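Below is one structure, written out as structure tokens; the observations come after it.
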Amino acid sequence: PVRSSKPRVVRECRAVMPVSETFRTVVLVFLGTHIPATLMMDSQALLPPAIVPGFMKSLLDFHVRTNSDPLMADPPAWFKSFILFELMFQLPFFFIGFKAFYERRNWIRMPGVVYGAHTATTLIPILAVILHPATAFPDEAARWRLFFIYLPYLLVPASMAYALGVDDKPFGAKGGPNKLKIF
């Protein structure tokens, strides 16, 4: 065989746009639905019951009864600290992140990595409590149901941190046009 004297060129394999339309849609739904969940459910761990509207109390009571959620039934101090940070940091991010993902803005990269890494990290102790044998549940099906209710709050933010962290232009060189029509 004849060998060429030309050096081989190894081309860098790099995704042009690591944030796919499918993942972008998942993030938009996640952020959009997390706003009312935070305001109507999670905030009750910190708010005085006297100021919580009745429909919100009923919604939380339904969740606790249906899903046997020990963390929302009687929130421990460490869980309340996570909720406080959710209200102060994550809630504003839900609006900002939704707008940035909707408009395909690359500037969301670092805030999204910080949000995703922080949120995914907070879910580790939450899921550990749910899975721990000392945590009482009516049966194992209830334990696993609650686990799978909380799991997306680990997976989506962790995936967001990864997707935004692998490229300095997660939506392409110019950010790209908005192809997703929501409104």
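Figures for the structure shown
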{"read-out": "Subset of segment 96-130 that is open to solvent by 30 Å² or more (accessible area, probe 1.4 Å), touching a helix residue (DSSP H, G or I) at 6+ places or on another chain (Cβ under 7 Å) and in contact (Cβ under 8 Å) with a residue 60 or more places away in the chain - its residue that is nearest to Y162 (Cα to Cα)", "value": "R109"}
{"read-out": "F148, sole failed condition from (1) open to solvent by 80 Å² or more (accessible area, probe 1.4 Å); (2) touching an Asp or Glu at 6+ places or on another chain (Cβ under 7 Å)", "value": "(2)"}
{"read-out": "Residues (without any contact (Cβ under 8 Å) to a residue 40 or more places away in the chain and either closer than 16 Å to F89 by Cβ or hydroxyl-bearing (S, T, Y) (or both)) located in segment 26-60", "value": "T33, A37, A45, S58"}
{"read-out": "Identity of the residue in segment 35-59, surrounded by 16 or more Cβ atoms within 10 Å (Cβ to Cβ) and among the hydroxyl-bearing types (S, T, Y), that ends up farthest from Y150 (Cα to Cα)", "value": "S43"}
{"read-out": "Filter pass, R143 being among the charged types (D, E, K, R) and under 16 Å from V27 (Cα atoms)", "value": "no"}
{"read-out": "Search result, residues across segment 73-95 that are open to solvent by less than 30 Å² (accessible area, probe 1.4 Å) and over 18 Å from the mean Cα position of the chain (by Cα)", "value": "P75"}
{"read-out": "Residues that are under 20 Å from L154 (Cα atoms) and open to solvent by 20 Å² or more (accessible area, probe 1.4 Å), drawn from segment 16-29", "value": "P18, S20, T22, F23, T25, V26, V29"}
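The values are calculated or read from the model by the stated rules, or taken from the named source; none is laboratory data. As the structure is a prediction and not an experimental result, all values here were calculated from the model. Using ideal geometry, Cβ is built from the backbone for each residue, glycine included, and neighbour counts are taken over all protein chains shown. For accessibility, only protein heavy atoms count, side chains too; no ligands or nucleic acids. Shrake-Rupley method; radii C 1.70, N 1.55, O 1.52, S 1.80 Å.
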